[in-house]
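Only the coordinates and a few stated rules stand behind these numbers; no lab work does. If you're wondering where the values come from, they're calculated on a predicted model, not measured in any experiment. Every residue, glycine among them, receives a Cβ derived from its backbone with ideal geometry; neighbour counts consider all protein chains shown.
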Amino acid sequence: MLRYTDDMTEVAEDMLAGFFQGWPRAASPAQHLAVLRGSYRAVVAVDRAAGRVVGFVTMISDGVLTASIPWLEVLPAWQGRGIGTELMRRVLEGSERFYSVDLLCDAPLQPYYDRLGMSPVPGMTLRHPAALQGGPRERPGKA
Ligand SMILES: CC(C)(COP(=O)(O)OP(=O)(O)OC[C@H]1O[C@@H](n2cnc3c(N)ncnc32)[C@H](O)[C@@H]1OP(=O)(O)O)[C@@H](O)C(=O)NCCC(=O)NCCS
């Protein structure tokens with residue numbers, strides 16, 4: 001039985017195993033939890049019987065006009081059951097007030113997001129792989 005929640009106080013590090021599949025480095029559970037709690041909004045799917053998170057999505061935002069969705073992942077054994085779609089539906093709820101909601105994805109996933117009303121755009125990024133696997137850090141500029 002699955003339960004969806006956007007209350008990250010219900011989530012603990014030991015519920016977060018198995019994510020960042022296929023990444024050369026995974027975020028640590030402490031980093032992962034800090035990501036969930038530090039986001040503008042996060043939604044997780046919890047398998048009640050297993051007591052673990054099986055899918056998550058996060059949104060960051062200025063709270064006024066722009067938002068982005070940096071993370072969406074469903075554990076392999078739970079994929080193909082509509083969990084990713086439901087996580088997206090929930091995280092996008094009320095986002096009509098933003099001018100833009102952006103996310104980056106590989107080309108094969110564009111039809112997936114197209115079904116959710118999103119459109120392809122060109123973009124740029126700067127990546128620092130070494131940032132993964134560390135502990136949660138102080139936020140720059142937040143003295
Ligand atoms: C993408 C992802 C979140 C989808 O979650 P999910 O719970 O399996 O998705 P749903 O059950 O809601 O939808 C399944 C659909 O997504 C499609 N899909 C899943 N992964 C895909 C991929 N990598 N490329 C293209 N389509 C994909 C499936 O083919 C399926 O299509 P169908 O409904 O026409 O059969 C999940 O596959 C995942 O975690 N992948 C690894 C991480 C990732 O790529 N995240 C997205 C970052 S932008």
Quiz prompt | Largest-first ellipsoid semi-axes for the chain, taking √(5λ) over the Cα gyration tensor eigenvalues, angstrom | solution = 22, 20, 16
Exercise. Could you please state, rounded to a whole Å, how far the C-alpha centre of the stretch 5-64 is from the C-alpha centre of the stretch 85-109?
Key: 17 Å
Exercise. Scan the stretch 67-124 for GluC sites (Glu not before Pro) in coil per DSSP, keeping those whose Cβ has at most 11 other Cβ atoms within 10 Å, and list them by number.
Key: GLU93
Quiz item: Are there trypsin sites (Lys or Arg not before Pro) in the stretch 1-88 that DSSP marks as loop and that have at most 12 other Cβ atoms within 10 Å, and which are they?
Solution: ARG25, ARG48
